[in-house]
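The structure appears below as structure tokens.
The values are calculated or read from the model by the stated rules, or taken from the named source; none is laboratory data. The model shown is predicted, which means the values in this text are computed figures rather than measured ones. All Cβ positions, even for glycine, are placed from backbone atoms using ideal geometry, and neighbour counts span all protein chains on display.
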């Protein structure tokens with residue numbers, strides 16, 4: 001676990017560093033006041049931290065859907081970073097710390113690391129980000145580990161409180177496949193996350 | 001590609017972002033590589049709600065006895081004494097003898113191989129769990145103290161025998177380990193004659209006895225009708241852990257190097273490998289009694305247990321298998337995944353194969369004493385009435 005934490009920190013630092021841009025210097029343009037208010041400008045960046053319950057919905061099996069996942073409602077904590085390439089489109093990364101307890105009193109934990117693409121609708125101070133996250137997820141259950149691709153479409157609603165902060169809610173659907181040599185054991189986990197949190201813009 | 005239309009230094013930074021993200025994924029794969037072959041979601045699907053446990057702690061012994069000479073009953077000790085009667089499949093406390101000080105049971109023993117023997121218990125003071133109080137025999141409702149034990153005798157343990165029980169008397173120490181001498185009780189009379197001296201036995205729960213056999217860490221002893229003689233030729237290259245016997249009295253000796261079986265009172269031995277996480281803990285023989293059914297030697301370890309297939313009094317497989325891995329197993333193949341998500345995760349410090357399980361109606365039941373901060377105590381598997389591993393309630 002210690003190794004995982006170090007790895008995540010390094011990954012976030014790496015992503016952040018690649019986006020770092022100087023605000024002053026010889027090459028920077030002088031500040032020009034504009035009359036038109038723009039909710040989002042190209043180059044805007046934000047970090048977001050969201051948390052909330054995680055619902056195991058069903059698993060897709062070779063024999064159809066199985067709604068009896070034997071997992072209980074768990075929780076998830078999402079930490080992300082994005083920058084706007086245009087006024088509507090943002091690209092970034094996100095890490096989720098997610099867990100569900102199980103019927104037999106064990107814990108299923110998974111840690112997806114996503115590349116996140118977001119298209120954001122803006123209506124005054126209301127922002128509606130629609131995202132698609134794709135990446136890989138480290139999964140562990142007792143002493144068993146697995147790493148697989150992971151996909152997570154998301155939609156949220158945020159209120160821009162001021163130029164630095166916005167607050168909102170978000171719903172995401174995580175698809176978590178597990179494929180094995182014994183195909184009868186193949187499963188695709190489906191999880192619904194409902195989270196609330198904030199964005200810090202800079 | 002949209003990114004390629006963005007000019008200048010930012011374009012490079014976005015590409016770096018992509019590279020960073022991809023590198024992150026690759027690094028994660030490298031760091032967390034070595035995926036388990038155990039299917040996670042498919043295993044979770046087999047989990048069951050755990051029962052509220054009623055038998056906690058370490059269960060040091062569990063066996064059939066017939067102290068009232070009217071019906072076999074299943075007894076165990078976890079510091080207290082509990083039993084299942086022929087008509088009740090729940091564990092009930094057996095009242096301990098009246099005493100001026102509160103008592104606890106450190107070990108129990110029986111004096112026959114067929115499950116119809118007497119029941120003996122070794123009592124210590126509850127206040128310290130160490131100071132010897134008495135050995136007493138139970139007749140189904142009352143306790144009778146064993147007589148003839150000299151004042152000041154420090155008895156560490158009693159063990160089951162065949163026509164007698166063994167008494168292990170602490171006589172000294174070597175370093176931090178105890179040295180025992182072996183005496184016996186027949187009926188309710190203690191015989192102080194020392195039959196053998198057992199040297200320190202490491203960290204395992206020795207000395208151990210069953211039927212006509214006693215083991216220390218380096219020696220197997222055999223009751224020859226009047227005393228204990230040393231057996232050689234087991235082929236053991238490790239440290240002895242425990243011993244059990246089948247209904248015919250054949251010994252099955254567990255060692256750190258294997259399981260050693262003799263069908264001729266210790267004259268010749270066969271060795272059998274096992275595969276269970278070290279340190280290995282205990283051994284039991286599951287004799288299905290039916291001539292056509294496969295029997296099992298069960299060996300428990302740091303995580304779960306394994307089984308050696310064969311026939312009591314006949315031959316046994318050279319190596320062990322995981323429970324439920326094949327149709328010939330102590331548990332069903334459909335219970336294998338549930339075993340994987342439960343008992344296989346915990347230290348099983350004792351395992352007990354119990355045949356003709358009258359209280360539940362099963363042909364046999366496997367009990368396991370689990371040592372775990374959260375899930376400790378007695379677990380059971382009932383092949384016909386509850387084919388999964390769960391805590392005893």
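Output yes when any residue across the range B:108-122 is in contact (Cβ under 8 Å) with a residue 12 or more places away in the chain, surrounded by fewer than 21 Cβ atoms within 10 Å (Cβ to Cβ) and assigned to a strand (DSSP E or B), and no when none is.
no
Out of everything in the range B:350-376 that is within 14 Å of chain A (Cβ to nearest Cβ) and touching a residue at least 60 places away in the same chain (Cβ under 8 Å), what residue ends up being surrounded by the fewest Cβ atoms within 10 Å (Cβ to Cβ)?
B:375
How many residues does the range B:288-308 contain that are without any contact (Cβ under 8 Å) to a residue 60 or more places away in the chain, surrounded by 18 or more Cβ atoms within 10 Å (Cβ to Cβ) and at negative phi?
8
Quick check on my filter: what residues within the range B:336-349 are surrounded by fewer than 24 Cβ atoms within 10 Å (Cβ to Cβ) and more than 13 Å from chain A (Cβ to nearest Cβ)?
B:347, B:349
Being free of Cβ contacts under 8 Å to residues at least 24 places away in the same chain and within 14 Å of another protein chain (Cβ to nearest Cβ) narrows it down to one of A:143, A:184, so name that one.
Going through A:143, A:184 in turn, just one is free of Cβ contacts under 8 Å to residues at least 24 places away in the same chain and within 14 Å of another protein chain (Cβ to nearest Cβ): A:143.
Can you spot a residue in the range A:165-175 that is within 14 Å of chain B (Cβ to nearest Cβ) and either crowded, with 18+ Cβ neighbours inside 10 Å or part of a strand (DSSP E or B) (or both)? Give the steps one after another, and end with the answer.
Narrowing the range A:165-175 to residues within 14 Å of chain B (Cβ to nearest Cβ): A:174-175.
Subset that is either crowded, with 18+ Cβ neighbours inside 10 Å or part of a strand (DSSP E or B) (or both): A:174-175.
Checked the range A:165-175: at least one residue is within 14 Å of chain B (Cβ to nearest Cβ) and either crowded, with 18+ Cβ neighbours inside 10 Å or part of a strand (DSSP E or B) (or both).
Would it be correct to say that residue A:113 is at pLDDT 95 or above and over 11 Å from the mean Cα position of the chain (by Cα)?
Answer is no for this residue.
Give the number of residues within the range B:64-77 that are within 20 Å of residue B:145 (Cβ to Cβ) and buried (at least 19 other Cβ atoms within 10 Å of the Cβ).
4
Given the condition modelled with pLDDT under 95 and surrounded by fewer than 17 Cβ atoms within 10 Å (Cβ to Cβ), answer yes or no: does some residue in the range A:136-144 qualify?
yes
Could you check residue B:152 against (1) closer than 30 Å to residue B:255 by Cβ; (2) without any contact (Cβ under 8 Å) to a residue 12 or more places away in the chain and say which number it fails?
Residue B:152 satisfies every listed condition except (1).
Given B:329, B:282, which one is within 16 Å of residue B:354 (Cβ to Cβ), away from chain A (no Cβ under 14 Å) and either free of Cβ contacts under 8 Å to residues at least 60 places away in the same chain or surrounded by 21 or more Cβ atoms within 10 Å (Cβ to Cβ) (or both)? Before you say what the answer is, go through the steps one by one.
On the way: B:329 fails: within 16 Å of residue B:354 (Cβ to Cβ).
The conditions single out B:282.
Looking at the range B:140-162, which of its residues are loosely packed, with under 15 Cβ neighbours inside 10 Å and within 26 Å of the chain's Cα centre (by Cα)?
Answer for the range B:140-162, where residues must be loosely packed, with under 15 Cβ neighbours inside 10 Å and within 26 Å of the chain's Cα centre (by Cα): just B:154.
Condition check ((1) at pLDDT 85 or above; (2) in a loop (DSSP other than H, G, I, E, B); (3) facing chain A (nearest Cβ under 8 Å); (4) surrounded by 13 or more Cβ atoms within 10 Å (Cβ to Cβ)) across all residues:
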| site | (1), (2), (3), (4) |
| --- | --- |
| B:13 | no, no, yes, yes |
| B:26 | no, no, no, no |
| B:43 | yes, no, yes, yes |
| B:59 | yes, yes, no, yes |
| B:62 | yes, no, no, yes |
| B:79 | yes, yes, no, yes |
| B:89 | yes, yes, no, yes |
| B:104 | yes, no, no, yes |
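Of all residues in the range B:215-246, which are in a strand (DSSP E or B) and over 17 Å from the mean Cα position of the chain (by Cα)? Show your work before the answer.
In the first step, residues of the range B:215-246 are kept if they are in a strand (DSSP E or B); the result is B:215, B:220-223, B:228-231, B:240-245.
Of everything in the range B:215-246, those that are in a strand (DSSP E or B) and over 17 Å from the mean Cα position of the chain (by Cα) turn out to be B:220, B:221, B:222, B:223, B:228, B:229, B:230, B:231.
Determine which single condition residue B:249 fails, assuming it passes every other condition in (1) outside any loop (DSSP other than H, G, I, E, B); (2) touching a residue at least 40 places away in the same chain (Cβ under 8 Å).
(1)
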